[in-house]
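Taken together, the values in this text are just the output of simple stated rules run on the coordinates, not laboratory data. Please read these numbers as outputs of a predicted model, since none were measured by experiment. When we count neighbours, we look across all protein chains shown, and the Cβ atoms used for this are built from the backbone with ideal geometry, even at glycine.
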Amino acid sequence: MTIPANNIRAIRWADASLEKIEAGYSEVVLRINEDSGRSMVCRCIGHIGIQMIGMWDEVIIDAARLHTQHSFITECEARVKDLPQYEAESRRANGNQLLEVVLIDDCKLWVCAQEFRCEQPA
């Protein structure tokens, strides 16, 4: 089941586990196991920045938020504006959003991207 783009509410983030982070050329994929046992993925398409500081031994999620204005978005967009032109439509130097996933120990995962698609894996 595919949820409309940028609908991060399709995932029950609170008390879910962050099982895996996969960073590839065209997308970052977060694999989430909800407290109910349902598996979900969040595809971060057209990513231009990823940051996670202080990861220790917690993978339980406290909350997730989508930001349209944030200093990390500004930083990422400023950096890619200085790079040679990129042909792919999915990756742009403007109009990005930030997915912030906060773990229960207050560690934060930030992914700056054009689009976020939440779905159950096939």
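Per the helix-only calculation at 222 nm, which mean residue ellipticity applies to the chain, given -39500 (n - 2.57) for every DSSP H run of n ≥ 4 and division by its residues, nearest 500 deg cm²/dmol? Don't skip to the answer; put the middle values down first.
Working: 1 runs with 11 residues, N = 122.
When only DSSP H runs of four or more count, the value is -2500 deg cm²/dmol.
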Expected vector for the range 109-122, Karplus 3J(HN,Hα) from phi with 6.51, -1.76, 1.60 and θ = phi - 60°, integer Hz, x for Gly and Pro, equals 9, 10, 10, 9, 7, 7, 8, 10, 10, 9, 7, 7, x, 5
Would you mind computing, in nm to one decimal, how far apart the modelled labels at residue 105 and residue 68 are, each placed 7 Å from Cα along Cα→Cβ?
-> 3.5
Return 100, 58 ranked ascending by Cβ neighbour count within 10 Å, so the fewest neighbours appear first.
-> 58, 100
Nearest 10, in degrees from 0 to 90: the angle of helix 71-81 to the longest Cα principal axis of the chain is 40
Of every Cα-Cα pair in the chain, the percentage lying beyond 21 Å is 35
Along the range 13-22, Karplus-curve 3J(HN,Hα) (6.51, -1.76, 1.60; θ = phi - 60°) to the nearest Hz, with x for Gly and Pro, reads 5, 4, 6, 7, 10, 7, 7, 7, 10, 10
Are there cysteines in the chain with no second cysteine's Cβ under 4.7 Å away, and if so, which?
-> 42, 44, 107, 118
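So which chymotrypsin sites (Phe, Trp or Tyr not before Pro) in the range 12-100 are both in a DSSP loop and have at most 15 other Cβ atoms within 10 Å of their Cβ?
Of the chymotrypsin sites (Phe, Trp or Tyr not before Pro), the ones in loops of the range 12-100 whose Cβ has at most 15 other Cβ atoms within 10 Å are 25, 56, 86.
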For the range 97-105, Karplus couplings with θ = phi - 60° (6.51, -1.76, 1.60), whole Hz, Gly/Pro x = 10, 10, 8, 10, 10, 9, 7, 5, 8
